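Rule-based calculations on the coordinates, nothing more; no lab input. Just so it is clear, the model here is predicted, and its values are computed rather than measured. Every residue, glycine among them, receives a Cβ derived from its backbone with ideal geometry; neighbour counts consider all protein chains shown.
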Amino acid sequence: MRINRIPAWCGAMLALAITCAMDGTAAAQWLSLPLPGTPRAADGKPNLNAPTPHTADGKPDLSGIWRAETMRYNENLLPQGTDAPMLPWAAELYKHRVDTKGYDRPMTFCMPHGVPDAMTVAGLPFKILQTPGETVLLFEEFHKYRQIHTDGRQLPVDPDPAWYGYSVGRWEGETFVVETAGFKEGSWLDNSGHPHTEALRTTERFRRINFGRMDLQVTIDDAKAYSRPWTSDTLHFLLQPDTELLEHLCENNRDLGSLQQFWQGREQAAPPTTGKQ
Amino acid sequence: MRTRLAIVMCVASIAASGRALAHHSFAAEFDESKPVKLTGSVTKVEWANPHIWFFMDVKNQDGSVANWGFEMGGTGQLVRAGWKRDSMKVGDMVTVEARRARDGSNNANAQTVVLARTGQRLFAGSSQGQ
């Protein structure tokens, strides 16, 4: 990663660092640490409207801590007012998940979000680390990570199924295009419960609009669950300046027991008729 | 400090944005149509993820005491909003506005928490967005 340095920042950054050091709590220092490479106004405030940073080889640099602009993408990946072209079994399973308010989604069991919804948890940011041969996503929620290889390798043939699949990335102009395959069945595409099978392939198109904003569109291609490929709404992400990821492990999952007891009791009274055929 | 203020405002805006939860479904566990407002003495604070829980004793009208549990957001959400793990202490008297659990237990999802002694509002957000 190339860090663009502008001498005028130095004074402002030093002033901000001193302010932080005098502020008191360790947590405040940790979370308000002025990060190098952040363009700033004269008052030291991050300039989130500054141009997109680029790496030494001229590619846009996606590195940074990001969060989804809204929880809506996490709730439903599709553009508002549209429906996914689900095959009958998928539509039936989806309806059941909606009817039972998504009580049994994987995260309830401390299992991860999948692709792409691990990125859309607005309250829990993720960090992108972009290096020449690999881009890594570190998800704050549950301390998970995802690797996107950019060293020219091809997607593996017949890999062991994985929650995040296997990802390779390439640049098309200013857009980072990520192809992923080899998914394990079980993750939900979003919290409303759009399902997928092991046949799923995703194509993500990342574009950093400026220093503070990044957009993403995801195409879902799973012929065993959907009658045709479909594309998500444009997902907007906001850079979180001058902060760090914090530990987040699923150590106090008090919700699981009561959710299972309540909803499984109701389902025993009225068994679901869902299931893939 | 502007940066922290920006973070607080950002987290507050997430918290206010709706009843969306990521770790588990808000609607599956709690009932938006069952608000409850209770005052009591804090008996335990579990500062942990994916959700902070705290517990308090509430006196019923007949004089008996019931222990209630309240779910909050994760630790990172509240730390980023400027709160610390000892912002709420055992023995504090607090008033909580919450939404009750569907299972009829004494569990609820806390929306606002106010320290009775000072009127200070504790913790910026509930568990929305987590």
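Couple of notes before you dig in:
- Two-site label geometry, B:Thr112 and A:Arg266: point separation in nm, points 7 Å out along Cα→Cβ: 2.9
- Sequence-distant lysines (8 or more away, or on other chains) whose Cα lies within less than 26 Å of A:Lys101: A:Lys144, A:Lys184, A:Lys224, A:Lys276, B:Lys34, B:Lys37
- Neighbouring Cβ atoms from other chains, within 10 Å of the Cβ of residues in A:39-45, number 1 on average.
- Charge dipole (region A:64-239, unit charges on Cβ, about Cα centre) - positive-most of A:Ser232, A:Thr135, A:Ala90: A:Thr135
- Spatial extent of chain A: Rg and Dmax, with the Cα atoms as the point set, Å: 20.8, 69
- Contour minus Cα-Cα distance for B:Arg85 and B:Val65 (0.36 nm per residue): 4.6 nm
- Under the convention that each Lys and Arg Cβ holds +1 and each Asp and Glu Cβ holds -1, the size of the dipole of chain A around its Cα centre is about 340 debye.
- Efficiency of FRET from Cβ geometry, A:Thr175 and A:Asp83, R₀ 25 Å, rounded to 0.05: 0.40
- By average C-beta atoms within 10 angstrom, highest first, the peptides B:97-105, A:147-155: B:97-105, A:147-155
- Between region A:166-221 and region A:124-162, the C-alpha centres lie 11 angstrom from each other.
- Full extension of the chain between A:Gln154 and A:Asp99 gives 15.8 nm of extra length, using 0.36 nm per residue less the Cα-Cα distance.
- For region A:95-141, the list of trypsin sites (Lys or Arg not before Pro) that fall in a loop by DSSP and count at most 12 other C-beta atoms within 10 angstrom is empty.
- Ranking of A:Asp104, A:Asp215 by count of other Cβ atoms within 10 Å, fewest first: A:Asp215, A:Asp104
- Mean-square fluctuations from a GNM of chain A, with a 10 angstrom spring cutoff on Cα atoms, peak among A:Gly186, A:Gly165, A:Gly133 at A:Gly133.
- Counting, for every residue in A:135-145, the Cβ atoms of other protein chains within 10 Å of its Cβ and taking the mean gives 1.
- By the rule of a C-alpha distance below 19 Å, with chain neighbours fewer than 8 residues away ignored, the aspartates and glutamates paired with A:Lys127 are A:Asp61, A:Glu69, A:Asp117, A:Glu140, A:Glu141, A:Glu204, A:Asp215, A:Asp242, A:Glu244, A:Glu247.
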